[in-house]
Structure formats: C-alpha cells, structure tokens
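Step one of this worksheet: look at the structure below.
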Amino acid sequence: MESPDIHDADLHVALSVTYKRDIYTLDFAITGTITLICDRCLDDLVMPVDTDYHINVRYGEDYNDEADDLLVIPESDNYLNVAYMLYDTVALTIPIKHVHPLGKCNRQMSQMLKKHRARPAGEDGDLEDRLIDEMEAMDDSADVSETPTDPRWDALRGLASNEMTD
C-alpha cells in the first residue's frame, strides 16, 4: 500500500479465526520490521513491530463498521479483505517522532543540521533547540562514560528513597 511513512516492511501475520454463534472472531498477531525515514538525518530507520489486533465479524444486510470491535459485512460478500486492517494496525504502531537512537544518526547530516541551525551570538533559542543541541552533543561524543549528575537531583532521589523505606 502507498504510504508516506512506511517505505518497506517485512511482517509476519498469524491470523486465528474462530466461528461461534454467527460471529467470526479474528485475532491477528503481527511481528516483524518496518522501514521508515529518520526525522533527524533522513536515513532509513528500521523499527520493530510486535502488535495484536482483535475484531469480531458477522453477516448483516449492509456494511457497517461503526463499532470498534464489530464489523458487519453484507451477506452477499463471500470473503473479507483484511489488508486494510493489517495496514492500519501497523501504521498505528509508528511513533509520532521516528528518530535513530542516540549516536546512530548519520553524522554528516547531523553536522549539516548543526551548521544551518547556528544562531547569532547571545541568542539562546527555544527549549527544543537546546535539547537538540544536547542530543547532538551526546551523538558526537564517542565515549559516553559515567557523567556527573546534578547534586539537586541526587538530593531529591535521596528524599524519594527515604520515603519508600519509612
């Protein structure tokens, strides 16, 4: 199916159909990977998929999909195309932001982004720009060892652990 987000997919679908009292129960188990484009560096990003989908189907006079868990199809239909159900289920597993884990983005593209996002001296930028700068700095550092923590957070963690032991 045509999709602006999903460029490739390698999925395995297990479909279990149970028929009981004029209702077909369809249980899908979908596993595999999908290929997206990283929002930060525009390289391919392979994301794992592991999701389930459940729907009940019964015959009726007209097609009706108003209920979330019941699909009514006309009695004249002798098959059900589940491709759209599969596509929608997989598409809903895609996070809003799809980016590589820290340190995995294309370094050349990260450097270009940093260069073109440069701000005039003295201008702080907004919170998102500062977070991106920090993430890129983490990407650029090859050896990420024990980083010193903020003593204020250490004190708060100490308070939280004291409350748990009381």
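Amide H to amide H, with H built 1.01 Å from N, G103 comes under 5 Å of D139, counting only residues 5 or more places away or on other chains. May I ask for the Kirkwood hydrodynamic radius of segment 64-108, worked out over all distinct Cα pairs and given in angstroms to one decimal? It works out to 14.4 Å. Ligands, DNA and RNA left out, the accessible area of segment 1-127 computed with a 1.4 Å probe is 51% carbon and sulfur.
Ordered from longest to shortest, the equivalent ellipsoid semi-axes for segment 1-116 are 39, 13, 10 Å, each the square root of 5 times a Cα gyration tensor eigenvalue.
The values are calculated or read from the model by the stated rules, or taken from the named source; none is laboratory data. Not measured: the values here are computed from a predicted model. Quick note on the areas: whole protein, heavy atoms, side chains included, nothing else; ligands and nucleic acids left out. Shrake-Rupley method; radii C 1.70, N 1.55, O 1.52, S 1.80 Å.
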